[in-house]
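J.: Mind having a look at this structure? Questions to follow.
The values are calculated or read from the model by the stated rules, or taken from the named source; none is laboratory data. Model, not experiment: these values are computed from the prediction. Here the Cβ positions follow ideal geometry from the backbone for every residue, glycine too, while neighbour counts run over all protein chains shown.
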């Protein structure tokens, strides 16, 4: 009898904020960086504050879908600043245990994906630094080479993260039943539920409770302990 081999790839999907870095987000770090170097004006902060109030009233994070503070910024210039911010502020904040796990997946031949609601222009230098070729972040609309402050396309947050992964897999390249996902927030439960190996990393209280009920793996990447895994299937 001939057994058909599974040629689909195994994906390892990583959230970023709270998962690859702890106790902060790429965008908050970037906002502070822009302010420190005089790249944000008082009017930008006023738009940010106004949007934050509206977001909080709606029960959302102040920065999640509020990108009005980027309105009028030259796209190429902001991309260069994102690289500077990565080199000066973000690279040193990457969690060693998280990096070890990501490298493990790369050595196993898995397709590593960065999937985050943060700005795509902030994911770009991180992805290049890590040697990751697949990423999904929040794209900002560009008009006349300047950012409009409006989100272009799907905002990868909550259930939309699972939609993004499903869209990436529309050709069936990934075997999601054998794939992994790492995330820290209860809003990421939809993403975690789409793969066969969900991992709640540094989870908030609600995600921890859900992971315990579902029997998902729970890990703390902020400690020095690193669980050693044995690759059982490569791509």
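J.: Which one is surrounded by the fewest Cβ atoms within 10 Å (Cβ to Cβ), of the residues in the stretch 70-96 that are part of a helix (DSSP H, G or I) and touching a strand residue (DSSP E or B) at 6+ places or on another chain (Cβ under 8 Å)?
T.: Taking the stretch 70-96 first, the residues part of a helix (DSSP H, G or I) are 70, 75-93, 96.
When the remaining residues are screened for being touching a strand residue (DSSP E or B) at 6+ places or on another chain (Cβ under 8 Å), the result is 70, 75, 78, 82, 90, 93.
On the way: 70: 25, 75: 16, 78: 19, 82: 23, 90: 22, 93: 14.
That would be 93.
J.: What are the residues in the stretch 30-46 that are at pLDDT below 90 and either under 16 Å from residue 81 (Cβ atoms) or buried (at least 19 other Cβ atoms within 10 Å of the Cβ) (or both), if any?
T.: The first filter runs over the stretch 30-46 and keeps only residues at pLDDT below 90, leaving 40-46.
Across the stretch 30-46, the qualifying residues are 40, 41, 44.
J.: Go through the residues of the stretch 68-89 one by one and say whether even a single one is within 22 Å of residue 13 (Cα to Cα), at pLDDT 95 or above and under 17 Å from the mean Cα position of the chain (by Cα).
T.: Looking only at the stretch 68-89, we keep the residues that are within 22 Å of residue 13 (Cα to Cα), and these are 86.
Filter once more, keeping what is at pLDDT 95 or above: 86.
Pick out the ones that are also under 17 Å from the mean Cα position of the chain (by Cα) and you get 86.
Within the stretch 68-89 (the criterion being within 22 Å of residue 13 (Cα to Cα), at pLDDT 95 or above and under 17 Å from the mean Cα position of the chain (by Cα)), the answer is yes, since at least one residue qualifies.
J.: Mind listing whichever residues of the stretch 120-136 are over 13 Å from residue 13 (Cα atoms) and out of contact with any helix residue (DSSP H, G or I) (no Cβ under 6 Å at 6 or more places or on another chain)? Working first, answer last.
T.: Residues of the stretch 120-136 over 13 Å from residue 13 (Cα atoms): 120-126, 128-131.
Result: 120, 123, 124, 126, 128, 129, 130, 131.
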